[in-house]
Amino acid sequence: MHAHRLLCSPFITEEQFRFALGSHRADLTSIGRYLSVPVAERPNITPYFDRTFYLVSNPDVAASGIDPLLHFIETGAEELRAPHPLIDLRFIVQADPLILGPAPSPQALFELLEYDLMAPSPYFDPLEYHERVGAVAPSHGMLRHFLTDGLTAGLLANPYLDHLWYAAHNADVNPDPYLSLRHFIVLGDVEGRAAGPAFNGALYRARYPDIAAAGVPPLWHFLLRGREEGRQIPADVPAEPAMPMARAAPVGLPIPIEPDDVAAAYDATRRLLARARQDRLEAMVEVPVDIIRTTDVAAGIAAIRLPASVAPRLSILIPVYNEIDYTVDCLLSVMRNAPNLDYEVVLADDCSTDPDAKLLDGIANLVLVRQATNQGFIRNCNAAFARCRGDYVLLLNNDAQMMPGALARMVAALDSDDRLGAVGPKILYPNGRLQEAGCYIKPNGESGMVGLFADPAEPGYEYDRDVAYSSGAALMVRRALVGEALFDERFRPAYCEDVDLCLRLLAGGWRVRYLHAAVVVHHLSVSTNRQSVARKMRTIVTNQQTLVERWGPLIRKLDQIRVLAFYLPQFHPTPENDLWWGRGFTEWTNVAKAQPSYEGHYQPHLPADLGFYDLRAPEALRAQAELAARYGVDGFCVYYYNFGTRRVLHKPLDVVRANPDIPFNWCLCWANENWTKHWDGGEKAVLLEQRYDQATLDSIIADAVEQAGDPRYITVDGKPMFLVYRPLLLPDPKAFAAACRAAFANAGFIGVHLAYVESMEAVNQAVRPADLGFDAAVEFPPHGRAVPAEDAATITKDGWSGYRYDYPATAARFVARETVPYPRYPAVFPSWDNTARQPLFGTSFDRISPEAFQAYTEAKIEEIRQFHMGDERLLFVNAWNEWAEGAHLEPDTGYGHRWLESLHAALTTRRWS
Amino acid sequence: MADPVVVLDEVPVTIIGHPWAPIGMGEQMRSHVHACGAVHLHHRIFDIFRYAQRSDVAHSRLLEALEIAVPVGGIRIFHVNGDEVDTVIAAFEARGGVFADGYNIIVPAWELPAYPKVWALNLRKFDEVWALSEFIADSLATAGVPSHLVGQAIEFPPGPCLPRRHFGIRESAFVLLHFFDLSSYASRKNPEAVLEMFARLRAEMPFRDLQLVLKVKNGERAAEEWAADVAGDPQIKVIATPLDTFGVKSLIAACDVFVSLHRSEGFGRGLGEAMGLGRLALGTGWSGNVDFMTAENSLMVGHELVKLQRDAYPHWRGQSWAEADVGHAVALLRPLLDDPAHATAMARRGQADALRTHGSRAVGVRVLRQLNRIVAESPKFNGATPVAKGGARRKG
């Protein structure tokens, strides 16, 4: 009897059989009972077979009247007929021709599925499923788990196929989880319907005509090949408004303002900047971290050896709720660190339901705090904290692992700097991406992880620096500073309690520091990702509100930014310029006669409110200072010129010094380059040569020291700031820096803050300031990273052979540029165009707009939040008044105050979000 | 232990009122839609009358995805006034809703210290009342109506603004902005006091670069006539074109100080929005606006309380409101004109305070607390089968 084969087939398990028929498979009567039921109603005796699916896809079987499962076992498997929508025998055999045996057998298929030997279908990958589902997944048999438990628990077959969404968005689909999944695989994908919010087949076909032509189901293709081939999932977003073209106006008249353009220029630039940053993240090659993965919890626990400690220097506090395997990994990683250090581990079990939790009792020397009832994260941690005895306490999540050396480095940092209240490590995801290199806090209480998803080897994450806080996943604090309770209970059940802890330290005058060489791997949120996302988000925003109510002024102070604009003091006649260029010459002479070089080219830039000012007049300087302050520019970085002790263009600052009531804040930037006929600082047609003899250097340093005495002079942490424009032209930068430091010290200053400008030859060198004896660098856009304009221009100026660049694309390059392992102050530029100086060889930027400038400025403020603290939160603008370079915030006829308004808008918005 | 948040996810929350209307009740409702979004509530909105034009891009962005055509049970938050309750309930039922099958909350606006008793009867048809300000809560209490204070949100989503040039506002000037209302009962807004204040400032500082910008309500005859009078005065700019949300936000951001010498305000949105955008606020130190204005974060103008004149406002009998001291308003603003740093510091403080107490998230958290309380305590939900299946859904 054929039916016997059915029952004896290893494709069917005894367990399932008994469940469906209530009898033993060897029981002869059970066959009869099974066969007596009409085909369509026969009980399901294996999860791997879908009778309806089989009958629909095999009309010949339906016609024959034979039991479909029996047909599959007897002949279907060998003929590679699919038993289930998620089991594709052709796909399996194509991937590995021998895996199902010489003649594909149901038994081999059963083993393949039970032991997850390979993916049974492009739609289902057991390994990916296991990774995604986490601890609730069984040790093997992922497809069985998915079909029997996962579907009802709301899990998805793959991250793109959201059958629940699919059912909700297709009226003809049965909302039953399995039926909607099957509907998509059998029909929906073939028709190109969207599989969920993350994948739309019709768009995929539209982007890749070859796939449309081949007629293959789009998601099937994407999962099978497209992903590997680097094909992109087209997002189902409304058509993006293009970057509007800059509008032109007759000379001297305002540029027309279209409200739609204002919004579109901002949005388009934001998208461009986001894309550039995303591209950088995607360029990273992920190298998973070699971490401990315990499979046998008991054996893992048996291997743990903790030191017996009477008076530990360090207490490692680990809160636990289930996930004992992670906890064992965590403890093994601590042990592997084996510092020459007296430490204890205080483990707080918040009433785990996992039976393995009992095994923790067997760990010698472990301080185990067991809660009688579930207390939630914060109370559990607080209870454990009360038991900690060490000078330092390391808060360590149980799903984190200390990489070798991390413990010792954190302890050493606290040992060596007694103003540090806490230190945090570099935290990685198991896939090798950066999780955080410290964190920042916005005034609205939201926080961000520095370098999230970036390449942890990027230079910007490879140096130690102070941060606003470091996450509680692995935070080492001085116990004495914490007080009675570790975390404030007002943050129960969890979230933001670690921010609050660090803010308590900062409020007490202590610092928190990120240590790049201490590395921790953190699974992140394994303990929470099964909760309702909305519920979690509500807890977070509620606690952010609490943070702001408690720490508002402190967070705002931490987030303060100063804006400094480069300032050209050229605008007044000098004997030198009178001689070389004619009597009364100033840059205005060139500015006023500039002509557009091509259609749509915005020239000339004619001054509006401040007029063609003369900087010998105190009124002009006062007007500038007041205008700057009104829009949030805190001070000017004034170019200083000295050629062989001959000072040039010093008059404006002389006026400022003589008028202490002018609210003009400034610092000096020594413009150490030759003056040439070409305005290029080069070696040809030199008018005034920059010299570096001792007398010159001495007089420069003396001037800097002398000016720094003015109360309006800009300082960083109390040290007057002094910049050098072209540091690499200095014959001996270190000696210069040392001389500066000595001179400032002699004059009674606590120091000098030396910064170099990333100009000309310094732009792409990433020279460490310390290598020059300096403290920091300053970005100098658009130099070195300008992106050429792609469209052709209609040239209207005879003999013009200049250069055109694209403003938004250039901004994007500066926003997404490589980070550096030292303080580099970000800068922005509103526009740039030196046609006034180079009528025929000018360089200009197209598609400028105040709104693009605003988006760019906001992105640079985000960069400051990530990389700078305290007085070093500086944003430079190139420039306040480089009129002949078309780079000026000062109002002109075309744009009026719009550049200043946009800068102000960026600063005002960022004062909250 | 029952977890109220989980239960909340199973209860539909619908915000009902005039979501698309370019009027105060519409703004009040939209501010609550923003607030609920900020705290990740699964809320829906329902337009009770469907009269209003739907042309404002910001409204579409906020509302479109949330709107439902047929009302459902669960918790329903009505942003309607006490005098329209009957028509609203009738319309609600005509559109397929069953008023009795849910938990109904009303969030009424009102501008005088005592809430009209006749309307209070209407409020009792609801399960509870939410107050937009302490002032309104006190007013409701005079009519024996208890309420829960939630406030309203004054936060605009971040983004660019139209520049001063777009409005023809002088870029160099120190700009005072006033929403100039000459419609019936406009004496509550007291626009004449603003004009007088500006006249005094001009008299004291004839060559100071000041400009008064008056946003006039569209189609208001008295205002248009008045506007004709000041046409040609370079120091007064009248804006009579209707503005959408982007335009209003831009206009507020374009001013230096938002001025309101109101006799009373239920909440005082304009002042709050200006503070949220980092602008100075100058207003009568009385009524709804003192929920977010303090002497440290804004310019609070002294006043005296006076009895309302006959028919100065609906339900005027026995009520009082504030007469702002114009001289004090001038005295408050003058020193700041000469000390912009102080003005900036005050505006920053104001921005931080207003967004902390009346940002979308702050209001959302208060709404969330009320909803959790209702779900946990109301017999309509407690222990009973949820009214309907909510939209919450887990992804794998």
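The values are calculated or read from the model by the stated rules, or taken from the named source; none is laboratory data. Here the structure is a predicted model, which is why all the values come from computation and not from measurement. Quick reminder, even Gly has a Cβ in these numbers, built from the backbone with ideal geometry, and neighbours come from all protein chains shown.
Just to be sure I understand the filter: pairs with C-beta atoms under 7 Å, separated by 6 or more residues or on different chains, first member in region A:249-267 and more than 9 Å from every other protein chain (Cβ to nearest Cβ) and touching a residue at least 40 places away in the same chain (Cβ under 8 Å), second member assigned to a loop (DSSP other than H, G, I, E, B) and of a type in the set (S, T, N, Q). Which pairs pass? That search, which allows pairs on different chains as well, returns A:252/A:893; A:253/A:893. When residues in region A:609-625 are screened for being within 14 Å of chain B (Cβ to nearest Cβ), in a helix (DSSP H, G or I) and farther than 24 Å from residue A:704 by Cα, 1 of them pass. Can you find even one residue in region B:179-197 that is within 20 Å of residue B:289 (Cβ to Cβ), among the basic types (Lys, Arg), away from chain A (no Cβ under 14 Å) and in a loop (DSSP other than H, G, I, E, B)? Yes: one or more hits. Candidates A:86, A:109: the one that is among the hydrophobic types (A, V, I, L, M, F, W, C) and either modelled with pLDDT under 85 or more than 30 Å from residue A:288 (Cα to Cα) (or both) is A:109.
Selection within region B:348-358: residues that are more than 7 Å from chain A (Cβ to nearest Cβ) and surrounded by fewer than 24 Cβ atoms within 10 Å (Cβ to Cβ). The member of this set that is farthest from residue A:911 (Cα to Cα) is B:357. The residue of region A:142-175 that is nearest to residue A:50 (Cα to Cα), among those that are surrounded by 14 or more Cβ atoms within 10 Å (Cβ to Cβ) and over 36 Å from the mean Cα position of the chain (by Cα), is A:147.
Kindly indicate whether any position in region B:135-152 is within 14 Å of chain A (Cβ to nearest Cβ), under 27 Å from residue B:280 (Cβ atoms) and out of contact with any Ser or Thr (no Cβ under 6 Å at 6 or more places or on another chain). The answer is yes, given that some residue of region B:135-152 is within 14 Å of chain A (Cβ to nearest Cβ), under 27 Å from residue B:280 (Cβ atoms) and out of contact with any Ser or Thr (no Cβ under 6 Å at 6 or more places or on another chain).
For region A:486-509, the count of residues that are within 19 Å of residue A:402 (Cα to Cα) and not in a helix (DSSP H, G or I) is zero.
Per the conditions (1) modelled with pLDDT of 95 or more; (2) within 14 Å of another protein chain (Cβ to nearest Cβ); (3) within 19 Å of the chain's Cα centre (by Cα); (4) part of a loop (DSSP other than H, G, I, E, B), the sole criterion not satisfied by residue B:243 is (1). Only one entry of B:159, B:144, B:96, B:168 meets the criterion of being surrounded by 15 or more Cβ atoms within 10 Å (Cβ to Cβ) and either touching a Cys at 6+ places or on another chain (Cβ under 7 Å) or of a type outside the set (A, V, I, L, M, F, W, C) (or both), and that entry is B:159.
For residue B:98, indicate whether it is of a type in the set (A, V, I, L, M, F, W, C) and closer than 19 Å to residue B:16 by Cα. Lay out the reasoning, then the answer.
Details: of a type in the set (A, V, I, L, M, F, W, C): yes; closer than 19 Å to residue B:16 by Cα: yes.
Here the answer is yes, as residue B:98 does meet what is asked.
If you go through region A:647-692 and keep only what is acidic (Asp, Glu), at pLDDT 95 or above and either more than 25 Å from residue A:614 (Cα to Cα) or in a loop (DSSP other than H, G, I, E, B) (or both), you end up with just A:661.
Say we look at region A:764-823 and pick out the residues that are touching a helix residue (DSSP H, G or I) at 6+ places or on another chain (Cβ under 8 Å) and of a type in the set (Phe, Trp, Tyr); which of these is farthest from residue A:601 (Cα to Cα)? Selected residue: A:774. When region B:324-347 is filtered for residues that are in contact (Cβ under 8 Å) with a residue 24 or more places away in the chain and either at the interface with chain A (Cβ under 10 Å from one of its Cβ atoms) or at positive phi (or both), the ones remaining, listed by number, are B:343, B:347. Looking across region B:92-107, just one residue is of a type in the set (Val, Ile, Thr) and over 20 Å from residue B:30 (Cβ atoms), and that is B:98. Could you look through region A:445-477, keep only residues that are assigned to a loop (DSSP other than H, G, I, E, B) and among the hydrophobic types (A, V, I, L, M, F, W, C), and pick out the one that is farthest from the chain's Cα centre (by Cα)? So the residue we want is A:473. When region A:67-83 is limited to residues that are part of a loop (DSSP other than H, G, I, E, B) and surrounded by 15 or more Cβ atoms within 10 Å (Cβ to Cβ), the one that is modelled with the lowest pLDDT turns out to be A:67.
Residue A:903 satisfies every condition listed in (1) surrounded by fewer than 24 Cβ atoms within 10 Å (Cβ to Cβ); (2) more than 10 Å from every other protein chain (Cβ to nearest Cβ) except (1).
Scanning region B:232-247 for residues that are free of Cβ contacts under 8 Å to residues at least 12 places away in the same chain and either of a type outside the set (D, E, K, R) or more than 26 Å from residue B:196 (Cα to Cα) (or both) yields one hit, B:232.
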